[in-house]
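*Asks:* First the structure, then my questions, so here it is.
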DNA sequence: ACAGTAGGGATTGTTGAACAATTCCACAAG
DNA sequence: CTTGTGGAATTGTTCAACAATCCCTACTGT
């Protein structure tokens, strides 16, 4: 049921004497086959095994995973609802190709959500190890030239920023937005140059946050997102059409 | 699909001679049975035909609607994903009973989303007929004592405020949040007193918005939401438990 | 009286097959 | 080059069957 990649902490139960026990709830509540299948497909899509525009055949995938068509279709519904797949009646499901308008809208929401999250940081200096960790992972990835990890670290960094809002629904939302963005990056050729130049800004934002300067961090983050969006839209504009054309000519 | 970002009146398609025809694409795309079933159930849940905590039997509803269990299960997945239903493995699906934490989280997100939307109103006076319409519908409903309509008008008012952000995803999100809130109101006994007292504030917010004073409107709206949340949480705290107990004793 | 437990019926989970509806593609006809 | 026109492939949907699980009842033993 959790579309989000990371869970955000342990909440105490209202029953005393069982501290942190419900953290194991995930182990107890088994998942239905459809949800597990959806999990597998979600991961495959995220890592680019299924490329945007590609069709997911019920027969093939059903056979490959050893589940029936009905069960598989339930999984498809889940992912369609998350905007990872596009369902066309009587034609099947396809890995979604986000339009440029989608990219613009995604960033519109990110600006609202992430900026609100960092703005809420109180005026007292504090340490945020989870965020710091993500920044450092990004640094390390850049130093070793591991561009794939750099991209994911950057995604995690922003998810942690959004998590400052302390809202389960916000976490889920940004999880979906970033999953959708991954589709965009799979269509673009070179994620390397894109993420690389934003590394110093991650540090700046982290500094502001740890200094307790919420509004200052917000200002930096807004500029960050505006720049990233502009750059991304420009590079993506014709790529999306090209991807669609490539599918049509397939 | 091929449109540009600007919403200029008439944009040229790549094929000349078909101006604005792709606007009818929505009419062409039929919906699958599962989606139509989900629509029916969604409406029934919203209007309280299926009460929170109630179980939705595959057999009964499948027979009543004349669809197979498989198709019905697809519809259930959709609604579960929207947090309207809760799916318990091997036990079936139930109309969700939002917890108090859910209410708090819903308002947390509403504050972020709606406030950001009105804050973005430019400093130039303008008229917003769609919002004004919803306010007036609320007035009329209160005058004629139609409390049910008053509640829905109030919901629409806030949806229109959120729509100021111009984001498809924000609209969808707010739609889901308000659908979830409807569950809350179904558990509470008296929606009348709750909505009634907020009518004057709707006018104040509308005035600020039409005056082009985004930040002013934001301030009012924030206070509005904080008050509503506090009042709702207080009244709801034990109601939710009572509802759960009632289901258990059923 | 009461905790534990062993059935048994009902409901969900999942599968496989079947058929209708629709799309897709190649090919022929104009 | 466009316009039918087949047939193959795929999806949409239903149905029947069985396994797994839950829920309730009645029985047991203390």
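Each value in this text was obtained by applying a stated rule to the coordinates, not by laboratory testing. Bear in mind that the values here come from a model prediction, so they are computed numbers and not experimental data. Please note: Cβ atoms are built from the backbone with ideal geometry, for glycine as well, and neighbour counts cover all protein chains shown.
*Asks:* Students often check this: by mean Cβ neighbours within 10 Å, which of A:78-89, A:236-247 ranks highest, and how do the rest follow?
*Replies:* A:78-89, A:236-247
*Asks:* Nearest 500 deg cm²/dmol is fine: what mean residue ellipticity at 222 nm does chain B get from its DSSP H runs of n ≥ 4 alone, each adding -39,500 (n - 2.57), divided by its residue count?
*Replies:* It lands at -21500 deg cm²/dmol.
*Asks:* Quick check: pseudo-label points 7 Å beyond the Cα along Cα→Cβ at residue B:193 and residue B:89, how many nm apart are they?
*Replies:* It works out to 4.4 nm between the two label points.
*Asks:* Let me ask something else. Per residue of B:76-83, what is the mean number of Cβ atoms on other protein chains within 10 angstrom of that residue's Cβ?
*Replies:* That works out to 4 on average.
*Asks:* Kindly list the residues of the stretch A:134-160 that lie in the label zone of residue A:51, defined by a backbone N under 13 Å from the point 7 Å along the Cα-to-C-beta vector.
*Replies:* Taking a point 7 Å out along Cα→Cβ of residue A:51, no residue of the stretch A:134-160 has its backbone N under 13 Å.
*Asks:* In addition: What number do you get for the stretch B:109-250 when its Cα radius of gyration is normalised by 2.2 N^0.38 Å, N = residues?
*Replies:* 1.10
*Asks:* Which order, highest average first, do A:121-130, A:209-218 follow once you tally other Cβ atoms within 10 Å for each residue and take the mean per peptide?
*Replies:* The packing order, highest mean first, is A:209-218, A:121-130.
*Asks:* Between the stretch A:208-248 and the stretch B:116-131, what is the separation of their alpha carbon centroids in Å?
*Replies:* Using only Cα atoms to place each centre, the spacing works out to 25 Å.
*Asks:* Same structure again: Counting only other chains, what is the mean number of Cβ atoms within 10 angstrom of the Cβ of each residue in peptide A:97-104?
*Replies:* Counting other chains' Cβ atoms within 10 Å and averaging over A:97-104 gives 2.
*Asks:* Report, as an integer, the average count of C-beta atoms from other chains found within 10 Å of each Cβ along B:109-120.
*Replies:* Mean shielding by partner chains, rounded to a whole number: 3.
*Asks:* Now for a different question. Roughly speaking, what is the stretch gain from residue B:124 to residue B:35, that is 0.36 nm per residue apart minus the C-alpha to C-alpha distance, in nm to one decimal?
*Replies:* Full extension of this stretch gives 27.8 nm more.
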